[in-house]
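*Asks:* Have a look at this one before I ask anything.
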Amino acid sequence: RRDRHDLMRRFPSWDFSSITPYDETWTDTLESESDCRERGYQSLLWASQQKEDGILMVTHGGLLRFTLADHENVVTEFVNDKCDVVSTGTRNDAKDRFENCELRAYEMSWDDNDIMERPVFTMKELC
């Protein structure tokens, strides 16, 4: 990613205070699937601690696929065209490749009592 100073200059109305000045996580080595799943989970944990009612998260499909389909603390509820929940848990659709620039919306819930531990997040797909 671009360094924080450049991002602040390009997007002055956005808050970049929570990111490091430079991308310290970039390596030439491909991230493991388990590390990718955990990074996605940590992003959900971060989102759950924000005060906003709605948060837009932009990411690549691999992170979503590994997190939504394979993380032990994430339950995904999938809906059909009529917005009925048709399955809970993992589903092959979550393992399929995401389309380029695909938009997916989810309602996230969790048990507040578990927030200090490792809460289980329920991600309900919105239609």
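*Asks:* Of the residues in the range 17-51, how many are part of a loop (DSSP other than H, G, I, E, B), over 17 Å from Pro119 (Cα atoms) and under 18 Å from the mean Cα position of the chain (by Cα)? Walk me through it before giving the result.
*Replies:* Step one: of the range 17-51, the residues part of a loop (DSSP other than H, G, I, E, B) are 17-32, 49-51.
Then drop every residue that is not over 17 Å from Pro119 (Cα atoms), which leaves 17-32, 51.
With the extra rule that they be under 18 Å from the mean Cα position of the chain (by Cα), the set shrinks to 18-19, 25, 31-32, 51.
Looking only at that region, the number is 6.
*Asks:* Here is a further query. With Glu125, Glu107 as the choices, which residue is open to solvent by less than 50 Å² (accessible area, probe 1.4 Å), at pLDDT 80 or above, touching a Ser or Thr at 6+ places or on another chain (Cβ under 9 Å) and not in a helix (DSSP H, G or I)?
*Replies:* On the way: Glu107 fails: open to solvent by less than 50 Å² (accessible area, probe 1.4 Å).
The match here is Glu125.
So that you can scan it fast, the table gives a plain yes or no per residue for (1) farther than 13 Å from Leu63 by Cα; (2) in contact with a strand residue (DSSP E or B) (Cβ under 7 Å, 6 or more places away or on another chain); (3) surrounded by 14 or more Cβ atoms within 10 Å (Cβ to Cβ):
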residue	(1), (2), (3)
Pro12	yes, no, no
Phe16	yes, no, yes
Thr20	yes, no, no
Asp23	yes, no, no
Trp26	yes, no, no
Ser32	no, no, no
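*Asks:* Give me a count of the residues in the range 87-100 that are at pLDDT 70 or above and more than 15 Å from the chain's Cα centre (by Cα). Show your work before the answer.
*Replies:* Step one: filter the range 87-100 for residues at pLDDT 70 or above, giving 98-100.
Checking the rest, the ones that are also more than 15 Å from the chain's Cα centre (by Cα) come to 99-100.
Residues in the range 87-100 being at pLDDT 70 or above and more than 15 Å from the chain's Cα centre (by Cα): 2 in total.
*Asks:* Please name all residue pairs, on different chains or six or more residues apart, with Cβ atoms under 8 Å, provided the first residue is in the range 65-84 and is within 16 Å of Ser43 (Cβ to Cβ) and charged (D, E, K, R) and the second residue is at pLDDT below 85 and buried (at least 19 other Cβ atoms within 10 Å of the Cβ).
*Replies:* Filtered contacts from the range 65-84: Arg65/Ala94.
*Asks:* Please determine, by comparing only the residues of the range 59-86 that are over 10 Å from the mean Cα position of the chain (by Cα) and either on the phi > 0 side of the Ramachandran plot or hydroxyl-bearing (Ser, Thr, Tyr) (or both), which one is modelled with the lowest pLDDT.
*Replies:* Within the range 59-86, the match that is modelled with the lowest pLDDT is Cys83.
*Asks:* Is it the case that some residue within the range 35-58 is open to solvent by 90 Å² or more (accessible area, probe 1.4 Å) and either in contact with a Phe, Trp or Tyr (Cβ under 7 Å, 6 or more places away or on another chain) or modelled with pLDDT under 85 (or both)?
*Replies:* No, the conditions are met nowhere in the range 35-58.
The values are calculated or read from the model by the stated rules, or taken from the named source; none is laboratory data. This structure is a prediction, so every number in the text was calculated from the model and none was measured. Using ideal geometry, Cβ is built from the backbone for each residue, glycine included, and neighbour counts are taken over all protein chains shown. Accessible surface areas use protein heavy atoms only, side chains included; no ligands, DNA or RNA. Shrake-Rupley method; radii C 1.70, N 1.55, O 1.52, S 1.80 Å.
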